[in-house]
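The structure under discussion appears below in the form of structure tokens.
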């Protein structure tokens with residue numbers, strides 16, 4: 001009985017190690033394919049470009065939804081539409097999962113604006129998480145480049161980017177509010 005129990009334990013351990021190896025190999029393959037994203041979105045999705053979002057630690061569901069929207073033409077950006085045109089659903093899902101497990105970025109912001117933004121962020125935290133970490137279909141805002149956030153909030157406010165709830169919220173923000181919120185979330 002002891003020998004049988006030991007053989008079972010060893011078999012279970014070997015199966016676990018084999019599964020971990022397959023997962024590590026799959027992650028490496030996805031990372032190699034995702035490297036095309038690094039040129040704009042930074043190494044492992046940590047953007048240092050103020051006009052390009054960080055993908056690292058982004059909600060997988062959000063990333064998948066955005067890639068599908070670019071591919072279908074529901075979200076317009078010539079570069080992203082070209083990149084997603086040949087992506088399979090499996091690629092899109094893999095990219096979402098890959099970027100979701102990366103360490104989160106951290107941008108910086110003007111300390112005075114960060115404090116102003118902190119007092120205005122309450123309305124954002126309900127959907128985007130108590131620390132800006134995102135929540136399923138709602139994106140991670142924490143660590144995004146403030147300039148990118150300003151651009152996106154301005155697009156929601158002008159209607160250039162469509163989303164009813166975000167358009168309503170951004171429509172009530174002043175330029176100073178937008179700058180303060182962007183600084184706050186960038187600092188998280």
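The values are calculated or read from the model by the stated rules, or taken from the named source; none is laboratory data. Note that the coordinates shown come from a computational prediction; the quantities given were computed from them, not determined experimentally. Glycine gets a Cβ as well: all are built from the backbone with ideal geometry, and neighbour counts include every protein chain shown.
Do we have any residue at all in the range 131-139 that's touching a helix residue (DSSP H, G or I) at 6+ places or on another chain (Cβ under 7 Å), farther than 23 Å from residue 65 by Cβ and touching a residue at least 40 places away in the same chain (Cβ under 8 Å)?
First pass over the range 131-139, keeping only residues touching a helix residue (DSSP H, G or I) at 6+ places or on another chain (Cβ under 7 Å): 132, 134-139.
Next, only the ones that are farther than 23 Å from residue 65 by Cβ stay: none.
Checked against the condition, which is being touching a helix residue (DSSP H, G or I) at 6+ places or on another chain (Cβ under 7 Å), farther than 23 Å from residue 65 by Cβ and touching a residue at least 40 places away in the same chain (Cβ under 8 Å), the range 131-139 yields no hits at all.
Assess whether residue 81 counts as being farther than 27 Å from residue 180 by Cβ, modelled with pLDDT of 95 or more, part of a helix (DSSP H, G or I) and not assigned by TED's automatic domain parsing to the domain that holds residue 151. Outline the logic, then answer.
Numbers: farther than 27 Å from residue 180 by Cβ: yes; modelled with pLDDT of 95 or more: yes; part of a helix (DSSP H, G or I): yes; not assigned by TED's automatic domain parsing to the domain that holds residue 151: yes.
Here the answer is yes, as residue 81 does meet what is asked.
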